[in-house]
Amino acid sequence: MSTLVSLFKYKAWVNEQLFAAVGRLDPVANQAERHTATRILNHVYVVDRIFTAHLTGGTHGYTATNTQETPTLDALASAVAASDAWFVDYARSVTPARLAEAVAFRFTDGDGGRMTREEMLLHVATHGAYHRGAVGRILTQCSVQPPRDIFTTYLHAAEPARREDATAAQGAD
């Protein structure tokens, strides 16, 4: 499996856990925090969709990196899961030659940009990680345990054999 595929599977895995954790915020006692977390996650989703359009040569219709209206947490979780699946499929199917292609596009502020497809994918992955950390902080402040948003944690959950004793594996050589 390529590193990009692993990276986007990790993104999908941790997003699912993060949405579940945000769902544990009390909708009354933590109304403001839940709203803020949802707005942050919606921003990540919008940016993901913008870059999906850049990658495919399509249009996205966004004029900003967030929407005026805040979706429900459940609706957003469903949309993010579909978007994450798209990125996994794209990472599986894109060729090295296509990854190296530079694509010109416009940011929502009207400025032009140019990135390779691989750079766009790395931007999507790192941008989301940055904002998941902010949501994790909100959860912690509300006494809700955030998921362990760590790539190695994902790898060990996805492939438990990776957790075998390293010295035993070295002795097998």
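Taken together, the values in this text are just the output of simple stated rules run on the coordinates, not laboratory data. A quick note: this is a predicted structure, and the numbers were derived from the prediction, not measured. We place every Cβ from the backbone using ideal geometry, glycine too, and count neighbours over all the protein chains shown.
Observations, loosely collected:
- Residues that are out of contact with any helix residue (DSSP H, G or I) (no Cβ under 7 Å at 6 or more places or on another chain) and on the phi > 0 side of the Ramachandran plot do occur in segment 131-144.
- Matching entry among R92, R34 (being surrounded by 18 or more Cβ atoms within 10 Å (Cβ to Cβ) and of a type in the set (D, E, K, R)): R34
Quick grid of which residues meet (1) among the acidic types (D, E); (2) more than 14 Å from R132 (Cβ to Cβ):
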position	(1), (2)
S6	no, yes
W13	no, no
L18	no, no
G23	no, yes
R39	no, no
H54	no, yes
G57	no, yes
H60	no, yes
E69	yes, yes
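- Checking each residue in segment 22-31 for being of a type outside the set (D, E, K, R) and surrounded by fewer than 20 Cβ atoms within 10 Å (Cβ to Cβ) picks out G23, P27, V28, A29, Q31.
- In segment 50-78, the residues that are closer than 20 Å to V5 by Cα and surrounded by 16 or more Cβ atoms within 10 Å (Cβ to Cβ): I50, F51, T52, H54, L55
- Selection count where residues are in contact with a strand residue (DSSP E or B) (Cβ under 8 Å, 6 or more places away or on another chain) and of a type in the set (G, A, S), scope segment 61-105: 3
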